[in-house]
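So the structure is just underneath, and the comments pick up after that.
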Amino acid sequence: MAWFELTGSNPTQSSDYTLNNTPSCGGQDQICAVQATPDTSGQKPILSAALKDEMILALHNRTASTNVQLRD
């Protein structure tokens, strides 16, 4: 698995992420980065249903999780 930083506006679209194993995050209001399995190109995350659920919980709880980092 690798870290992908959200560089676009839609956290549910893998095309809006950039591979970045050291994302600079901190906060609790928005998705900043996700840790996921890379797609076949190795450049975009595979956003599984379980990861999307973890993203929702992180936002709801306003707390980062194992595979989701947040920012303000």
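The values are calculated or read from the model by the stated rules, or taken from the named source; none is laboratory data. Every value quoted in this text rests on a predicted model; they were computed, and no experiment measured them. Note that each Cβ is placed from the backbone with ideal geometry, even for glycine, and that neighbours are counted across all protein chains shown.
Values computed for the structure shown
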item: Candidate set: the stretch 63-72, residues that are in contact with a strand residue (DSSP E or B) (Cβ under 9 Å, 6 or more places away or on another chain) and in a loop (DSSP other than H, G, I, E, B); chosen: the one nearest to Q30 (Cα to Cα); result: D72
item: Residue in the stretch 4-18 that is among the small types (G, A, S) and surrounded by 17 or more Cβ atoms within 10 Å (Cβ to Cβ) present; result: yes
item: Some residue of the stretch 42-62 being more than 15 Å from M1 (Cα to Cα), modelled with pLDDT of 95 or more and in a loop (DSSP other than H, G, I, E, B); result: yes
item: Residue in the stretch 16-37 that is assigned to a helix (DSSP H, G or I) and touching a residue at least 12 places away in the same chain (Cβ under 8 Å) present; result: no
